[in-house]
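The values are calculated or read from the model by the stated rules, or taken from the named source; none is laboratory data. Worth saying up front: this structure is predicted, and the values here are computed from it rather than measured. A quick note on method: Cβ atoms are made from the backbone with ideal geometry, for glycine too, and the neighbour counts reach across all protein chains shown. Calculation scope for accessible area: heavy atoms of the full protein, side chains included, ligands and nucleic acids excluded. Shrake-Rupley method; radii C 1.70, N 1.55, O 1.52, S 1.80 Å.
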Amino acid sequence: MFMSVIDEFDKLEAVVRFILFLYKHPGVGITKIIRESSAGQKALESARDFLFKEKLIETYPNPDFPHNPLLRLTEKGRKVAEHLAEIERILEE
């Protein structure tokens, strides 16, 4: 049971990191997010899938690499990200 709690925390952390990264760096691919995050690849890919399902992120064509779409927040995702960024600012005070 304890490990399942840890797993859920890891998933939540990956979701939050993913949203905040896209908020601060719009228009990147999953590879860049994985490379620059301290969360693991599996957790970030799971977070990406969750964010798509909840319609918080979307893809759009990459003009440089057509087979590697870029990611961005939807309007709903941007609203969530703004709240998370505010929480992050408060915690850093």
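Could you tell me which residue of segment 24-42 is surrounded by the most Cβ atoms within 10 Å (Cβ to Cβ), considering only residues that are in a helix (DSSP H, G or I) and of a type in the set (A, V, I, L, M)?
Out of the qualifying residues, it is 33.
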Legend entry - Of all residues in segment 59-93 being surrounded by fewer than 11 Cβ atoms within 10 Å (Cβ to Cβ) and among the acidic types (Asp, Glu), the one that is nearest to the chain's Cα centre (by Cα): 75
Inset, instruction - Return yes when residue 8 is outside any strand (DSSP E or B), acidic (Asp, Glu), at negative phi and without any contact (Cβ under 8 Å) to a residue 12 or more places away in the chain and no when it is not. - result: yes
Inset, instruction - Starting from segment 47-59, keep only residues that are in contact (Cβ under 8 Å) with a residue 12 or more places away in the chain, then list their pairs with residues that are in a strand (DSSP E or B) and open to solvent by 60 Å² or more (accessible area, probe 1.4 Å) whose Cβ atoms are within a distance under 7 Å, requiring at least 6 positions of separation or different chains. - result: 57/72; 58/72
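Any chance segment 70-81 includes a residue that's assigned to a loop (DSSP other than H, G, I, E, B), at pLDDT 95 or above and touching a strand residue (DSSP E or B) at 6+ places or on another chain (Cβ under 9 Å)?
Of segment 70-81, the ones assigned to a loop (DSSP other than H, G, I, E, B) are 74.
Still in the list and also at pLDDT 95 or above: 74.
Going one step further and asking which of them are touching a strand residue (DSSP E or B) at 6+ places or on another chain (Cβ under 9 Å), we end up with 74.
Yes: segment 70-81 contains one or more residues that are assigned to a loop (DSSP other than H, G, I, E, B), at pLDDT 95 or above and touching a strand residue (DSSP E or B) at 6+ places or on another chain (Cβ under 9 Å).
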